[in-house]
Each structure stands twice: as structure tokens, then as C-alpha cells.
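The values are calculated or read from the model by the stated rules, or taken from the named source; none is laboratory data. Every value quoted in this text rests on a predicted model; they were computed, and no experiment measured them. Cβ sites come from the backbone with ideal geometry, for glycine too, and all protein chains shown count toward neighbours.
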């Protein structure tokens with residue numbers, strides 16, 4: 001039901017927007033500046049403990065077997 005109402009609203013807006021225009025009027029589209037996204041980086045990743053834990057377990061396993 002929402003889609004039908006939205007389609008009806010767009011069709012009413014489109015017909016009123018083009019009612020008097022026969023292609024004689026031209027206008028430029030507004031220029032939109034691109035959005036700049038800056039992400040903060042960390043010196044040490046948060047998930048660096050997983051590889052360190054794996055190295056510690058492998059090292060412990062090697063030390064026990066010797």
C-alpha cells in the first residue's frame with residue numbers, strides 16, 4: 001500500500017512539474033560537492049591478540065614436545 005501511495009505522489013509531482021514545459025525551458029542541474037569521509041586509524045589493530053595467542057599456543061606446544 002505504501003508503494004502505491006508513493007507512486008501516486010511521484011506521478012502527481014511529475015505531471016505538475018512538466019505541465020507547462022514543452023522543452024523550451026532548459027536549466028542546469030545543481031552541482032553537489034562530494035562528501036569527504038575521514039576515518040580515524042589506530043596504531044595497533046584491535047584484533048591483533050588473535051595471531052599473538054595462536055603464536056603463543058604453537059610455541060607452548062613446541063616447547064612441551066621437546
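Is it the case that residue 62 is assigned to a loop (DSSP other than H, G, I, E, B) and at pLDDT 80 or above?
Judged against the criteria, residue 62 is not a match.
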Worksheet item: Of the residues 8, 13, which single one is at pLDDT 80 or above, surrounded by 10 or more Cβ atoms within 10 Å (Cβ to Cβ) and either in contact with a strand residue (DSSP E or B) (Cβ under 8 Å, 6 or more places away or on another chain) or outside any loop (DSSP other than H, G, I, E, B) (or both)?
Response: 8
